Amino acid sequence: MQEEMTPEVNDSAVNQRPSLIGMSPSELKPWLAAQGQPGYRAEQILRWVLQRRAESFDAMSDLPKSLRTALAESFDLFQVRVELHSQSDDGTEKLLVRLADGGKIECVLLRDGDRRSICISSQVGCAMGCVFCASGLDGVERNLTSSEIVQQMLLLQRLLPEDERLSHIVMMGMGEPLANLPRVLEALLVARASWGLGISPRRITISTVGLPPAIERLAEADAPYHLAISLHAPNDPLRDRLVPVNHKIGIAAIMEAAEKYFQKTGRRLTFEYVLLADLNDSMQCAEQLVKLLGGKTALLNVIPYNPVPGLPYETPSADAIHRFRRVLLEGGINVMFRQRKGDPIQAACGQLRRLREKEPAMVPMPGGPANGMP
């Protein structure tokens, strides 16, 4: 069971006025009724925040002044702030975000042609313990609230010109999204809604290390999102080394849950595979992947490792990557080798947070990827 795989996580954030960001119209309407205001105001207010990028209640110019005053007295907007903002030459931008209780998370904006994709965190830290990832080096502190998840989306949205909009969301930042599933689903409802960010569920991906009970709950939630499973190894002995939580799960259980998800939703599965020099980049590993994934309606997303300072893992050579690719293609696997982005700005998930904690004298840039994070 999932509860046996993950430690108890503190869900609490600092007590304060609720943030309007992350609320739904149905949650806001009772408050409006108590103010003597019509229910249609709920979507009007939320569109101001989520679509028109209002930075304050005073900016909501078509609302009665008395309502704007009451909103300001009852709610906050942003309860997080940007501590560091960095940008790579390839257009990738990364934010280190400080939460109200002092916790720090990371989120990323990626530009690729017309795509404006964002990579969002779901927890402060991570309990999964992937040995090559910076996110889990200090364990997990707590789950994020749905509001904190949506606030990341809006901070990244505000990095775009007003005539550009977010196109894709990937829950692949810090933390294990399926270990915080209720809040992740609440946040993604805001992302999908016509009064929210209006992003099609077909353009939303939830990434997981593979928690079978939670995958089954996600399937039953009738949430038509893409599911990406961070596999990283084609057999249990190797995956036990790279992803320690696998000791309590096993690849067979993950594959069974993934197949159930596909049958329930009809959405093609994605399997993520971070390629590590001299660990999981051999031709034998590639051949085992062909046997594991052959015949499935799935995409294998291979990501050459994004090095993390202080960890002993390295990116495979170009020759090793080429050999690995050839075996997969000859085996008929639908595979994509993803280009690494954001190396100069520590875009691998958790890197910037740890760097900031080790070097507190760093000066933030104006404006205030987990390996697996694109």
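Since every read-out is calculated from the coordinates, none of them should be taken as a lab result. Only a predicted model underlies this, so the values are computations on that prediction, with no experimental measurement involved. Neighbour counts are summed over all protein chains in view; Cβ atoms, including those assigned to glycine, are modelled from backbone coordinates with ideal geometry.
The range 67-81 to the range 161-201: how many Å between their Cα centroids? Between the Cα centre of the range 67-81 and that of the range 161-201, the gap is 22 Å.
Among 176-188, 18-30, sorting by the average number of other beta carbon atoms lying within 10 angstrom of each residue, highest first, gives 176-188, 18-30.
So what is the calculated 222 nm ellipticity per residue for the chain, using -39500 (n - 2.57) for each DSSP H run with n of 4 or more, over all residues, to the nearest 500 deg cm²/dmol?
On the way: 11 runs with 117 residues, N = 374.
The helix contribution divided over the chain gives -9500 deg cm²/dmol.
Full extension of the chain segment joining SER61 with SER194 gains 45.8 nm, where the gain is 0.36 nm per residue of separation less the Cα-Cα distance. Stokes-Einstein diffusion for the range 130-183 at 25 °C, viscosity 0.890 mPa s, with a Kirkwood radius from C-alpha pairs, works out to 187 µm²/s. Taken about its Cα centre, the chain carries a charge dipole of roughly 740 debye when the Cβ of each Lys and Arg holds +1 and the Cβ of each Asp and Glu holds -1.
Neighbour counts of C-beta atoms inside 10 Å place ARG17, ARG338 in the sequence ARG17, ARG338, starting with the fewest. The order of the peptides 292-300, 61-69 by mean Cβ neighbours within 10 Å, most packed first, is 292-300, 61-69.
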